[in-house]
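Just so it is clear, none of the values below were taken in a lab; they were calculated from the coordinates. All values derive from a computational prediction rather than experimental measurement.
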Amino acid sequence: MESGAPRLLILGVGNILLQDEGIGVHVVRELMKHTYPPEVEFIDGGTAGLDLLYLIEDASHLIIIDAVNGDGAAGTIYKFAPEELDEFMPTISNSLHDIGVMEVLNLGKTMGILPPAVVYGMQPAVIDWGTDLSPEIATALPRLVKQVQKEIEGWLAENAHFKEALEI
């Protein structure tokens, strides 16, 4: 891809060995089954923690998908910008990881490398050893995939003019 071209990074995070904790990774794997232009990149961030900073610094826009404990019913979908949780940083994390995604985003913002970002999360039902999603989350996951697909399509529509300018 040409330097300076817009790049949308879809980053799924979570531990797939802890059932619903791996929601973000499962969503990214589903999205990767579809065809998108090269400006859209998918990464299974797993439990990378601070290593995620290296993945996000070259993106012009970022979508993160994660398991989020919002005290809602299992399968509840959350969407927010990192700035919406600034008052909680860095002491409270909504992520279920040891080093939470929100801490990584806050550090990226402090370092000046955080692109415009949106976080999609889903309330997990079961966080326990196992590689299968709980039945509640397996049923709810397609709704989250569709919401992220709409976000990707919106980004592509907004950046279509840039691609057309490169082709001239």
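Rounded to the nearest whole Hz, the Karplus-based 3J(HN,Hα) values (6.51 cos²θ - 1.76 cosθ + 1.60, θ = phi - 60°) of the stretch 20-36 follow the sequence 5, 4, x, 3, x, 5, 4, 5, 4, 5, 5, 5, 5, 6, 9, 9, 10, with x at glycine and proline. Here the Debye sum runs over all C-alpha atoms of the stretch 32-82 as equal scatterers in vacuum, and log10 of I(q)/I(0) at q = 0.16, 0.20, 0.24 Å⁻¹ comes out as -0.65, -0.95, -1.14.
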